[in-house]
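Asks: What follows is a single structure, and I will ask about it in a moment.
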Amino acid sequence: MSRPVPIVALDVRTTADALRLVDALGERCRFYKVGSELYTAEGPRIVAELHARGAAVFLDLKFHDIPNTVRGAVSSAAQPGVALMTVHASGGRAMLQSAVAAAPAGVGILAVTVLTSLDAAGLGESWGRPVPDVQPEVLRLASLAVEAGARGVVCSGLEAAAIRDRFAGRLATLVPGVRLPGGAQQDQSRVVTPREAAEAGATWIVLGRTVTGAPAPGDAMERVLADLS
């Protein structure tokens, strides 16, 4: 079992709040997710602040637009410190190819398959047709990512092993919605523990409120690392 790289989600509203979490975690975490809430409020300077602290950034903006617009958005957002960026796989092959073409060397494009907040019923409602099982939909979207040359995909830990087996190392997997054993699912539907994600072959795992919402984030991060050991 290879150990995935933990990424902590800075789902806060200000740079000051984000940096307090970064300082509290110290060397326990050197990779952070910046999502729409924080990036919309603070812009590129939050990425610069994290980069100055020696941390890598997963810029999770989930671009989904016409290919030319996504090409420009990826090019604009790919500043120093950004290691990974997301676009929606459902934007289609041409959009994914544009994102990959616009990403500078060292910046990996990840295609978001099915959000971990969705179960089969919710996905079927979105697609407008019955979806008896999420996994075939994830694999179908992952095929587009492979064809477009994406670095990997975002999927739940419940599908990561199937992607590993189907694509034989051609796609890395980033698993969000990771919870410590016994932790609340909150607004996620398809969740796994850090160890379960590792056993499924995840390359990276994203930890949100299981760490950032804990009374002592550093202690929670230690429990995550212990679960991965």
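Asks: Go through segment 195-215 and give me each residue that's closer than 18 Å to D11 by Cβ and either under 14 Å from the mean Cα position of the chain (by Cα) or surrounded by fewer than 22 Cβ atoms within 10 Å (Cβ to Cβ) (or both). Working first, answer last.
Replies: We begin by selecting, within segment 195-215, every residue closer than 18 Å to D11 by Cβ; these are 204-215.
Residues satisfying the conditions are W204, I205, V206, L207, G208, R209, T212, G213, A214, P215.
Asks: Among the candidates L50, L84, L59, single out the residue that is touching a strand residue (DSSP E or B) at 6+ places or on another chain (Cβ under 6 Å), buried (at least 22 other Cβ atoms within 10 Å of the Cβ) and more than 17 Å from A150 (Cα to Cα).
Replies: Answer to the check: L50.
Asks: Identify all residues within segment 90-116 that are farther than 19 Å from V206 by Cα and aliphatic (A, V, I, L, M); write none if there are none.
Replies: A94, M95, L96, A99, V100, A101, A102, A103, A105
Asks: At positive phi and not in a strand (DSSP E or B): does that describe G106?
Replies: Taking the combined requirement at face value, the residue satisfies it.
Asks: Please name all residue pairs, on different chains or six or more residues apart, with Cβ atoms under 8 Å, provided the first residue is in segment 193-216 and is over 19 Å from R30 (Cβ atoms) and of a type outside the set (K, R) and the second residue is at pLDDT 95 or above and not in a helix (DSSP H, G or I).
Replies: From residues that are over 19 Å from R30 (Cβ atoms) and of a type outside the set (K, R), the pairs are A200/T173; A200/V175; G201/T173.
Asks: So L84 clears everything in (1) in contact (Cβ under 8 Å) with a residue 60 or more places away in the chain; (2) in contact with a Ser or Thr (Cβ under 9 Å, 6 or more places away or on another chain); (3) not in a helix (DSSP H, G or I) except one condition, right? Which one?
Replies: Tallying (1) in contact (Cβ under 8 Å) with a residue 60 or more places away in the chain; (2) in contact with a Ser or Thr (Cβ under 9 Å, 6 or more places away or on another chain); (3) not in a helix (DSSP H, G or I), L84 fails exactly one: (2).
Asks: Ok, one more. Looking at segment 108-137, which of the residues that are out of contact with any Leu (no Cβ under 8 Å at 6 or more places or on another chain) and buried (at least 23 other Cβ atoms within 10 Å of the Cβ) is modelled with the lowest pLDDT?
Replies: T116
Asks: Please work out which residue is farthest from R209 (Cα to Cα), limiting yourself to segment 1-47 and to residues that are among the hydroxyl-bearing types (S, T, Y) and exposed (fewer than 15 other Cβ atoms within 10 Å of the Cβ).
Replies: S2
The values are calculated or read from the model by the stated rules, or taken from the named source; none is laboratory data. Model, not experiment: these values are computed from the prediction. FYI the Cβ positions are ideal-geometry reconstructions off the backbone, even for glycines, and counts take in every protein chain you see.
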